[in-house]
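The values are calculated or read from the model by the stated rules, or taken from the named source; none is laboratory data. Computed from a predicted structure; not experimentally measured. Don't worry about glycine lacking a Cβ; one is built from the backbone with ideal geometry, like all the others, and counts go over all protein chains shown. Just the protein is used for accessible areas: all its heavy atoms, side chains included, with ligands, DNA and RNA removed. Shrake-Rupley method; radii C 1.70, N 1.55, O 1.52, S 1.80 Å.
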Amino acid sequence: MITDTDHPAHRRRSRHSWVSLVAAAMTLSACGGGDDATPASSDPGAGDTASSAPPTAGPTAGPTAGPTAGPVAEASYDPGPAAFRAVNALERPVDVYVRSTGLVEAFPVLTGLEPGAVSDFVAPPEGGSFVVTEAGAGDATCVTTCDHFIANLTATSPEQGLTYTAVLHDDPFSGRSSAFDLWETPDPGQDSANAMPAADPDATLAVVTAIAVTEADFGLRLGGDDVDGCVSPVGGDNVLIGGNQTPAFALDTTRSFTLHDQPDQDCSAAPVGGPFELSGSPGSRSHVILMGSPGALEAIVLPMIDGD
């Protein structure tokens, strides 16, 4: 530790040909200057049996602009109640699938999700999983020795809710790429860094996730140009930004904020990231997903789903 359902995807329940859309996340470039917590379920195939027919690969994405991703493969299946999206904080593209349980069928949903891009929410078949693989790796029905899998997430615990944002990142401890899943609509009182806080009707909440940041072993602090000193996180003055911590900050409706190195206890020195802009209204919640390293930080500001 670093210290000092009215979901759009849930409405698509009938069997149909479904083309997923790409979310419009805002990627912001900065001014120059741990172990993951418990996932939903990342077992790459417990209880599954591979289908004898391999999945049909989707079209390869061409060059993209900004945070948008490439073409989407058309798939026909019955979406379940849980919805997932991926934030690609890796330095290479990835492919996104959903797949069924039991006799495994895999449906390519999005190929070539570029670095810094965000997929739309997609709902796997009920009981199935959300799978992200290395781009072009294929074989999303794999059940053993699936080294090309980056994420294989299943909604298995009701208290985690039904809405997940998976941050794809390189894990310096394992030397592999993995997913840090953020639960956007958990039951109240979940004591986990994965669980996002409930909305505050009087403030704009920004939850900062720095799982993809490198070279910031001692953590970061958040400052603003209209406040004296650093901004303290909600309910935890001694929690810094970094590792698998997900501190939440109550900010004004529109706020320009900066990131500062851990020794800068009053956030008065030159920032190591930002300024970044956050816009929202009282009662809104946003992810601020940091990438890069101090002095070259980038941020993806991504609204969360309303949990009401």
Test: residue in the stretch 224-242 that is open to solvent by 70 Å² or more (accessible area, probe 1.4 Å) and of a type in the set (S, T, N, Q): yes
Any chance P186 is surrounded by fewer than 24 Cβ atoms within 10 Å (Cβ to Cβ), modelled with pLDDT of 95 or more and under 24 Å from G243 (Cβ atoms): yes
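Could you check the stretch 196-223 and list, in sequence order, the residues that are closer than 16 Å to S286 by Cβ and either open to solvent by less than 30 Å² (accessible area, probe 1.4 Å) or charged (D, E, K, R) (or both)? Show your work before the answer.
If we filter the stretch 196-223 for residues that are closer than 16 Å to S286 by Cβ, which is where we start, we get 196-210, 222.
Hits for the stretch 196-223 are M196, D200, D202, A203, T204, L205, A206, V207, V208, T209, A210, L222.
For the stretch 153-160, does any single residue satisfy the condition of being closer than 20 Å to A106 by Cα, of a type in the set (V, I, T) and either modelled with pLDDT of 95 or more or not in a strand (DSSP E or B) (or both)?
yes
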Single residue of A82, A69, A75 found to be within 23 Å of E298 (Cβ to Cβ) and either modelled with pLDDT of 95 or more or buried (at least 22 other Cβ atoms within 10 Å of the Cβ) (or both): A69
Strands (runs of 3 or more DSSP E) contained entirely in the stretch 200-295, each with at least 1 residues that are over 23 Å from P188 (Cα atoms): 204-213, 220-224, 254-261, 273-279, 285-293
Test for D252: is it of a type outside the set (G, A, S) and open to solvent by 50 Å² or more (accessible area, probe 1.4 Å): yes
